[in-house]
Amino acid sequence: MLLSQQDELKFSMGPENATAVTEFILEGFSGLDQRLQHFLSLVFLLIYLITVVGNATIILLVRVDHRLQTPMYFFISNLAFLEIWFTSSTSIQLFVILSSGTRTISLSSCFAQSYFYLALGCTEFVLLVVMSFDRYVAICQPLRYAAIMKPSLCIHLIFAAWVTGFTLSSYHLVLPYMLTFCGSNKIHHFFCDSSPLLKLSCSDISLLWKIDSVFFSFVILGSLCLTLAFYMCILFCILHLPAASGRKKAFSTCSSHLITLAILYGSCITLYVCPSEDVFLENNRIVALLNTVLYPFLNPFIYSLRNKPVILALNEVIARTTAQLFS
């Protein structure tokens, strides 16, 4: 597909007659037929709207229904809030690319998108550890749950998750001052991920590659180990439950959680912890869709909308709203 004139590379003359890139061109899915791109844009728009509405519904229900004002749903509502921003950081750009063909993005916008994607993703990993700890205390220490998971501790854990995510990712804020771009401006992705950005730089990026590698390994694998450790303890406790019905319900809940975690961690490990050149060039855009589009879409259904208290609260809100409209 040929690029329009507005998508052509813009140059500004730098020192020593070097040409500095002032815009990037996102080439994600540019090889697809135009009609297929328009169809996919509608599909992704629908998924995005369902994701936003689903997560916003969870936040609303937790705020208005006193039965849902527990530590578990407090953490879930915070995850829902995070997912809205996380998927918005990439899905809107993807929709614009597929629907209008506008693929250019300025350097400042590209670096901002890269930072917020990274910071929100890091925050989510920390939040998942917090949520697994909450479930561990609830199942394995039920008599001490109220004493341990006090409101003050829950607020501190959420605050720590957000601060940790945005602080650990803050080194990406200095990238615009450390990198220069003077060659190709075509990013083979549908958003400004850190790896394709570094690949386009004319600067020496060996140190940044090492920092990125350590960062991703520490955040992804570290949070994965902690989360799995809590779930292993949970499963061990479940096996010792006296009632078969209780074991079945707990296994059902844990299995659905582990499926979504497998999607998130599997895609992130493939992309960031042990990437290969072939995977990056050919398949990483498809893998990236799993954690930027599919995972946020599944979260409301896995963590909340399957739960009986949430369904009851939703039915009551719908009934009250309907009664007010027709009264």
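The values are calculated or read from the model by the stated rules, or taken from the named source; none is laboratory data. Being a predicted model, the structure only gives us computed values, none of them experimental. Every residue, glycine among them, receives a Cβ derived from its backbone with ideal geometry; neighbour counts consider all protein chains shown.
Condition check ((1) over 14 Å from L118 (Cβ atoms); (2) touching a Leu at 6+ places or on another chain (Cβ under 7 Å); (3) crowded, with 17+ Cβ neighbours inside 10 Å) across all residues:
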position	(1), (2), (3)
F181	yes, yes, yes
S184	yes, yes, no
S203	yes, yes, no
L208	no, yes, yes
Exercise for the section: Output the residue which, of all residues in region 24-44 that are among the polar types (S, T, N, Q) and either surrounded by fewer than 17 Cβ atoms within 10 Å (Cβ to Cβ) or more than 30 Å from P176 (Cα to Cα) (or both), is modelled with the highest pLDDT. Expected result: S41
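Just a yes or no: is a residue in region 238-252 assigned to a helix (DSSP H, G or I), modelled with pLDDT of 80 or more and of a type in the set (F, W, Y)?
no
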Exercise for the section: State all residues of region 213-237 that are aliphatic (A, V, I, L, M) and either at pLDDT 90 or above or closer than 16 Å to H257 by Cβ (or both); if no residue qualifies, say none. Expected result: V219, I220, L221, L224, L226, L228, A229, M232, I234, L235
Handout entry: Which numbered condition V21 misses (of (1) at pLDDT 75 or above; (2) closer than 19 Å to D193 by Cα)
Key = (1)
Practice task
For M178, work out the one condition from (1) over 23 Å from the mean Cα position of the chain (by Cα); (2) farther than 20 Å from D212 by Cβ it doesn't fulfil.
Solution key: (2)
Handout entry: Residues located in region 291-311, provided they are touching a residue at least 12 places away in the same chain (Cβ under 8 Å) and either over 20 Å from T51 (Cβ atoms) or not in a helix (DSSP H, G or I) (or both)
Key = S304, L305, R306, P309
Handout entry: Selection count where residues are under 17 Å from the mean Cα position of the chain (by Cα), surrounded by 19 or more Cβ atoms within 10 Å (Cβ to Cβ) and either aliphatic (A, V, I, L, M) or part of a loop (DSSP other than H, G, I, E, B) (or both), scope region 93-128
Key = 7
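Every residue, every condition in (1) of a type in the set (A, V, I, L, M, F, W, C); (2) surrounded by fewer than 17 Cβ atoms within 10 Å (Cβ to Cβ); (3) at pLDDT 85 or above, yes or no:
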site: H257; (1), (2), (3): no, no, no
site: Y265; (1), (2), (3): no, no, yes
site: L271; (1), (2), (3): yes, no, no
site: N284; (1), (2), (3): no, no, no
site: T292; (1), (2), (3): no, no, yes
site: P309; (1), (2), (3): no, yes, no
Exercise for the section: Could you please tell me which pairs satisfy a Cβ distance under 6 Å, a separation of 6+ or placement on different chains, a first residue in region 91-104 that is farther than 16 Å from P296 by Cα, and a second residue that is part of a helix (DSSP H, G or I) and among the acidic types (D, E)? Expected result: R103/D7; T104/D7
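Hey, which of the helices (runs of 4 or more DSSP H) in region 153-234, taking only ones fully inside, have at least 1 residues that are aromatic (F, W, Y) and within 22 Å of L26 (Cβ to Cβ)?
Output list reads 206-216.
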